[in-house]
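Below is one structure; the comments refer to it alone.
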Amino acid sequence: MAASASSTVVPYLDKTDFLRLQNGSDIRGVALEGVEGEDVNLTEPVAEAIGAAFAGWLVEKKKADASQHLRVSIGHDSRISAKLLQNAISRGLAGAGLEVVLYGLASTPAMFNSTLTKDEAFSCPVDGSIMITASHLPFNRNGFKFFTNGGGLGKPDIKDILERAANIYNQFTEESLTLSERVASLSTKTVDYMTVYTSDLVKAVRKAAGNIEKPLEGFHIVVDAGNGAGGLFAAKVLEPLGAITSGSQFLEPDGLFPNHIPNPEDKTAMKAITKAVLDNKADLGIIFDTDVDRSAAVDSTGREFNRNRLIALMAAIVLEEHPGTTIVTDSVTSDGLTTFIEKKLGGKHHRFKRGYKNVIDEAIRLNSTGEESHLAIETSGHGALKENNWLDDGAYLMVKILNKLASARASGVGGGSNVLTGLIEGLQEPAFSVELRLKINQNHPDLKGGSFRDYGETVLKHLENSIGSDPNLQKAPVNFEGIRVSGYGGWFLLRLSLHDPVLPLNIEAPNNEGAVKLGLVVLAAVKEFAGLDTSALNKFVGS
């Protein structure tokens, strides 16, 4: 790590390209040494500048005058760089005249919730909130997510904050850094907000079960927190509801993530929670990512509720409560899911772009136009509900599932997690599914010094033009991202990554033969683009 701000020789602060820290609607960077080829760029002075920049942005946003003392809450996941960055960003906020409330180990959804909670004993609501996290990325990474009571900040806001931070960073003086450290020590306090947040989750389950004190009594539910911030779910949510949680694993925070990546999309992680369920003969398993904004579940037989299955389960629950509502998902969901939502459940499936913020914002937009939508959810496990202020909250998704278990028992329906399994009966799942990543070589002469985005768009346009004459293929009539095509009993989607010089290719088909045929269609169209690495696709089709 860099030296603390107070002892840094300011004229020699490392030059930093702040805009490179932007990752969509988050800030992410390398906070620790230890990985070859990854230089530290999220230092303490950089974090302090970002804190001061958010303060300036927030004051403008709230149109606050000098008499208003705006409050910002800060929480973090289990990463080992969290405390240093917390202290640095606190100095930036306090030095700009804001009150800082520290939550310690927290979840991303709790941080947003702190802008909505009305409880002065816990200094709530806060005017803004910052979560220090890099989700499931390796131990050396870290970053920031920002919230107001209007939700998470968008890409333009993050760009604005980083531009402000660059200016602040370049104007740091020894005196200003020393002053911010002194002010921070006087205007920072610590609050146990996670107790408030988890007690609200407990109340939600009790209410769904008809105000029974322990509606999960007798249920055996194991939690896998992956050594992230979700370990408290077992003790603070499940146990007060009466659930047995023995066999839960990796609940202790450990920023080196020694057991597996905390990621519900990771196969090793899902195998770990599945094994825990089967070994303990549990009714249900729950797994969270590092900062608890994503989740997945496993039933008593070891069947996973993640990706399309989790979406199907949540859609079934929400459509029981709101018949006919629109379910917004990202672009890579299966055709079988569409059939399930629309034909079996009587809802509407609106497939949109990748990116949890894109999906949530689209659901909000649909509601504003009069099209009712109550659920926005990505295959990654990000999910948000209208009833929960469109908060991207993995813990709340699991509470909705627990509500179903509890209410089923309260109405006399037994069978443990069979209640959940029955809800997705009839979901057609692809026999074959694969994602291949076609990388764009940004140094290739074909790009002529242009951006990888322009090159990627050219590839997509060429693919679109090339499939028009093939009678076996049909372009999706409504599509918001990339090129989606049905054929040979399946479909493919080629799109441009949100952040990276990559064209991800998703293929689903009833068998390997159909998938290879679809892969060959794409390969024939893109092979003339020398700046595109098609080796993964070549290997897949066997050429």
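Restricting attention to segment 310-327, does a residue exist that is closer than 14 Å to ASP224 by Cβ and either in contact with an Asp or Glu (Cβ under 7 Å, 6 or more places away or on another chain) or open to solvent by less than 50 Å² (accessible area, probe 1.4 Å) (or both)?
No, segment 310-327 contains no residue that is closer than 14 Å to ASP224 by Cβ and either in contact with an Asp or Glu (Cβ under 7 Å, 6 or more places away or on another chain) or open to solvent by less than 50 Å² (accessible area, probe 1.4 Å) (or both).
Give the residue that is farthest from the chain's Cα centre (by Cα), with candidates limited to residues of segment 47-63 that are free of Cβ contacts under 8 Å to residues at least 60 places away in the same chain and surrounded by fewer than 22 Cβ atoms within 10 Å (Cβ to Cβ).
LYS63
Residues are listed down the side, and each one gets a yes or a no for (1) surrounded by 14 or more Cβ atoms within 10 Å (Cβ to Cβ); (2) over 28 Å from GLY24 (Cβ atoms); (3) of a type in the set (Gly, Ala, Ser):
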{"site": "ASP470", "(1), (2), (3)": "no, yes, no"}
{"site": "PHE480", "(1), (2), (3)": "yes, no, no"}
{"site": "TRP491", "(1), (2), (3)": "yes, no, no"}
{"site": "ILE507", "(1), (2), (3)": "yes, no, no"}
{"site": "PRO510", "(1), (2), (3)": "yes, yes, no"}
{"site": "GLY519", "(1), (2), (3)": "yes, yes, yes"}
{"site": "THR534", "(1), (2), (3)": "yes, no, no"}
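So how many residues does segment 388-437 have that are touching a helix residue (DSSP H, G or I) at 6+ places or on another chain (Cβ under 6 Å), on the phi > 0 side of the Ramachandran plot and either open to solvent by less than 30 Å² (accessible area, probe 1.4 Å) or of a type in the set (Gly, Ala, Ser) (or both)?
Result for segment 388-437: 1.
Give me the pairs: first residue in segment 419-433 and of a type in the set (Phe, Trp, Tyr), second residue buried (at least 17 other Cβ atoms within 10 Å of the Cβ), beta-carbon distance under 6 Å, and six or more apart or on different chains, which are they?
Note: pairs meeting the criteria are PHE432/ALA509; PHE432/ALA515.
Determine the pairs where a residue that is in contact (Cβ under 8 Å) with a residue 12 or more places away in the chain and closer than 20 Å to ILE360 by Cα, located within segment 331-345, has a partner that is hydrophobic (A, V, I, L, M, F, W, C) and part of a helix (DSSP H, G or I) with Cβ atoms under 7 Å apart, the partner being 6 or more residues away or on another chain.
THR333/ILE311; LEU337/ILE311; LEU337/ALA312; ILE341/ALA315
Can you pull out the residues in segment 259-284 that are among the charged types (D, E, K, R) and either over 11 Å from VAL298 (Cβ atoms) or in contact with a Pro (Cβ under 8 Å, 6 or more places away or on another chain) (or both)?
GLU265, ASP266, LYS267, ASP279, LYS281
Among the numbered criteria (1) in contact with a Phe, Trp or Tyr (Cβ under 9 Å, 6 or more places away or on another chain); (2) open to solvent by 40 Å² or more (accessible area, probe 1.4 Å), which single criterion is violated by LYS281?
(1) is the only condition that LYS281 fails.
Out of curiosity, is ILE161 closer than 16 Å to THR190 by Cβ and touching a Phe, Trp or Tyr at 6+ places or on another chain (Cβ under 8 Å)?
No.
If SER248 satisfies all but one of (1) open to solvent by less than 10 Å² (accessible area, probe 1.4 Å); (2) without any contact (Cβ under 8 Å) to a residue 60 or more places away in the chain, what's the number of the condition it fails?
Failing condition for SER248: (1).
Name the residues in segment 193-222 that are in contact (Cβ under 8 Å) with a residue 40 or more places away in the chain, part of a loop (DSSP other than H, G, I, E, B) and either under 30 Å from ASP279 (Cβ atoms) or in contact with an Asp or Glu (Cβ under 9 Å, 6 or more places away or on another chain) (or both), would you?
Correct list: ALA209, ILE212, PRO215, LEU216, PHE219.
Hey, any hits in segment 420-432 for a residue that's within 19 Å of HIS499 (Cβ to Cβ), of a type in the set (S, T, N, Q) and at pLDDT below 95?
no
With open to solvent by less than 20 Å² (accessible area, probe 1.4 Å) and at pLDDT 95 or above as the only criterion, which of GLU378, GLU372 stands out?
Answer to the check: GLU378.
Between a residue in segment 466-484 that is of a type in the set (S, T, N, Q) and any residue that is in a strand (DSSP E or B), which pairs come within a Cβ distance under 8 Å, given they are 6 or more apart or on different chains?
What qualifies is ASN472/GLY487; GLN474/VAL485; GLN474/SER486; GLN474/GLY487; ASN479/ARG351.
Could you list, in sequence order, the residues of segment 179-202 that are over 22 Å from LEU105 (Cβ atoms) and of a type in the set (Lys, Arg)?
Scanning segment 179-202 gives a single hit, ARG182.
What pairs come up if the first residue lies in segment 511-533 and is closer than 23 Å to GLU429 by Cα, the second is of a type in the set (Asp, Glu) and buried (at least 20 other Cβ atoms within 10 Å of the Cβ), and their beta carbons are under 8 Å apart, counting only those six or more places apart or on different chains?
ALA515/GLU508
Six or more apart or on different chains, Cβ under 6 Å: which pairs go from a residue in segment 366-383 that's farther than 24 Å from MET270 by Cα to one that's part of a loop (DSSP other than H, G, I, E, B) and open to solvent by 10 Å² or more (accessible area, probe 1.4 Å)? Could you list them?
HIS374/HIS322
Count, please, the residues in segment 162-192 that happen to be open to solvent by 40 Å² or more (accessible area, probe 1.4 Å), among the hydroxyl-bearing types (Ser, Thr, Tyr) and in a helix (DSSP H, G or I).
Of the residues in that region, 3 qualify.
Go through segment 99-114 and report how many residues are under 14 Å from ASP77 (Cβ atoms) and of a type in the set (Val, Ile, Thr).
Residues meeting the conditions: 1.
Can you name the condition, by its number, that GLY29 falls short on among (1) crowded, with 24+ Cβ neighbours inside 10 Å; (2) farther than 20 Å from ALA82 by Cβ?
Every listed condition holds for GLY29 apart from (2).
The values are calculated or read from the model by the stated rules, or taken from the named source; none is laboratory data. Worth saying up front: this structure is predicted, and the values here are computed from it rather than measured. Heads up, the Cβs are rebuilt from the backbone with ideal geometry, glycines too, and the neighbour counts pull from every protein chain shown. We work out accessible area using only protein heavy atoms, side chains counted, and drop any ligands, DNA or RNA first. Shrake-Rupley method; radii C 1.70, N 1.55, O 1.52, S 1.80 Å.
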